[in-house]
Amino acid sequence: MVSPWESLRKRSNSSHSITEGNSKGGGLRLFVSISSTTSTVFPVFITGAVAVQLRQSLHFSIALVGVAVAIFFGTAALTSLIAGSMAERHGGAKVMRAATFASAVTMGLIAAVAHSFTGLAILLAFGGVANGTNQPANNLFVINAVQPNRRGFALGVKQAAIPVATLLAGIAVPSVALTIGWRYVYVFAAAIAFVVSLVIPSDPHELKVKVQRRREGEKVQITIIPVVTLAIAMALGAGTSNALGAYMVENAVNHNYAPGTAGLIGALGSLVSLIVRLSVGYRADKREGKHLIVVAAMIGLGAIGYLLFATSIKWLVIPAAVIGYGFGWGWNGLFNFAVVVNHKGAEGRATGITQSGAFVGSVAGPIVFGYFVVHFGFGPSWVLLMAVAALSSTLMLFGRYLILASRNATEADSLG
């Protein structure tokens with residue numbers, strides 16, 4: 001017979017495990033998370049890195065590089081809106097597994113059957129669906145893998161997958177694309193994604209959360225206006241960073257760098273972005289709130305990198321890449337952390353909405369930037385990107401103000 005005290009202790013431990021997360025195996029789960037995220041963003045960043053070879057092989061203009069990137073993120077945006085709820089219903093691990101496998105298939109098909117821009121665009125659309133499905137599920141997977149006081153760093157690790165993808169894509173230009181051909185870059189990436197899809201573990205803790213919430217009839221509501229404001233800010237910030245990712249190599253070539261060297265410059269920027277994402281995530285766990293203020297400051301600093309690109313001075317390309325990638329593209333994990341801590345119990349839906357904003361911006365950014373490059377050149381286009389980054393920084397602060405206004409000021413200040 002179980003005593004009342006023992007029953008109370010079990011209920012307390014159960015509640016603790018629900019709120020504190022599953023730290024056992026957290027390191028492995030973080031590795032799987034970053035591998036899965038890298039695998040589902042590979043298609044678009046490989047396309048940007050080997051754009052010079054792709055255009056020569058498939059015979060399309062530089063403006064269509066932006067269109068290809070936009071198609072990928074467009075389908076991702078539409079998918080992300082419903083993927084958060086899907087992940088909360090079925091579990092992050094299960095959804096991640098399907099999305100990563102779909103990305104592997106997409107890249108394999110690009111290598112095998114993409115012989116025109118139309119074929120490439122169609123396959124990138126399917127790759128976007130896989131990525132849009134994976135992102136909110138991956139967020140849930142991560143926050144259930146670690147304790148709350150480590151979630152900032154964990155989400156920084158997860159978002160470090162983006163610069164990892166661009167780093168690997170940049171290295172692949174001189175080592176693979178310029179030696180045995182651009183199609184093999186997609187082949188190797190597809191093999192990596194396939195292996196990752198096989199090793200994603202189940203998450204028993206996540207299933208416990210889902211069952212408990214269903215029994216209790218828990219339904220956490222989202223205050224929509226602050227979330228949408230942050231989604232718009234995210235859209236503008238992601239638009240600038242993804243334009244950078246799509247055209248960084250082309251820009252360096254335009255500054256008279258060799259294609260192989262240009263790819264390595266992009267890889268250097270990606271490495272800096274990776275380090276910054278991990279660093280700001282680690283600091284977020286040590287800091288009492290004000291995460292969105294830091295995000296806004298980083299986007300503003302990233303704009304300085306775009307201004308350096310606009311000078312058209314060759315030797316400034318390298319520091320511009322470091323600043324642009326490091327600050328202008330190093331804040332994503334911290335942003336997701338701010339959204340998560342402000343929407344406990346609805347993390348999948350909240351990050352699904354903001355991630356959709358990121359994808360929308362990633363659609364518009366490369367298209368608009370590509371249009372300006374074709375008609376006005378790289379210099380004015382980088383100035384435009386700087387202005388958009390400044391607007392994104394401002395809206396981040398306004399979104400934080402709306403969060404503060406929607407609840408107890410002291411509580412919100414410790415979170416956002």
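Values in this text are rule-based calculations from the coordinates and carry no lab data. The structure presented is a predicted model; accordingly, all values stated were derived computationally and were not measured. Note that we place each Cβ from the backbone using ideal geometry, even for glycine, and neighbour counts take in every protein chain shown.
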Practice item. Using Cα pairs closer than 8 Å and at least 6 residues apart in sequence, work out the relative contact order for the range 276-416, in percent. Key: 39 percent
**Study point:** Local electrostatic count at GLY370 - Lys and Arg +1, Asp and Glu -1, tallied over other residues with Cβ under 14 Å
**Key:** 0
Review point. ILE318 to ARG283: FRET efficiency via 1/(1 + (r/R0)^6), r the Cβ-Cβ distance, R0 25 Å, to the nearest 0.05?
Key: 0.45
**Study point:** Under-14-angstrom lysine pairs by C-alpha in the range 25-415, whenever the two are 8 or more apart or on separate chains
**Key:** 4
**Study point:** Pair VAL199, THR261: separation of 7 Å Cα→Cβ label points (nm)
**Key:** 3.7 nm
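In the range 25-415, how does Rg compare with the Kirkwood Rh, expressed as the Rg/Rh ratio over alpha carbon atoms?
Ratio value, two decimals: 0.96.
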**Study point:** the range 25-415, relative contact order in percent, only Cα pairs under 8 angstrom and at least six apart counted
**Key:** 27 percent
Practice item. Express in whole angstrom the spacing between the alpha-carbon centres of the range 28-104 and the range 343-390. Key: 16 Å
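Given an 8 Å cut-off on Cα distances and at least 6 residues of separation, report the relative contact order of the range 52-125 as a percent. Each step should come with its number before you reach the end.
Details: 33 pairs, mean separation 36.8, N = 74.
Result for the range 52-125 is 50 percent.
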Point to revise | Sequence-distant residues sharing a close amide H with GLY328 (under 5 Å, placed H) | key: GLY302
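Among THR79, THR240, THR223, THR229, rank each residue by its count of other Cβ atoms within 10 Å, from fewest to most, as a rough exposure measure.
Details: THR79 24, THR240 31, THR223 15, THR229 20.
Placing the least packed residue first, the sequence is THR223, THR229, THR79, THR240.
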Review point. Mind checking the dipole of the range 25-415: about its Cα centre, +1 per Lys or Arg Cβ, -1 per Asp or Glu Cβ, Debye to the nearest 20?
Key: 700 debye
Study note, to complete from the structure: Computed about the Cα centre, the charge dipole of the range 221-331 from +1 Lys/Arg and -1 Asp/Glu charges at the Cβ has a magnitude in debye, to the nearest 20, of 220 debye
Check your understanding: Using the Karplus equation 6.51 cos²θ - 1.76 cosθ + 1.60 (θ = phi - 60°), what ³J(HN,Hα) coupling, rounded to whole Hz, does each residue of the range 109-115 give in order, writing x for Gly and Pro?
Key -> 5, 4, 5, 8, 10, 7, 10
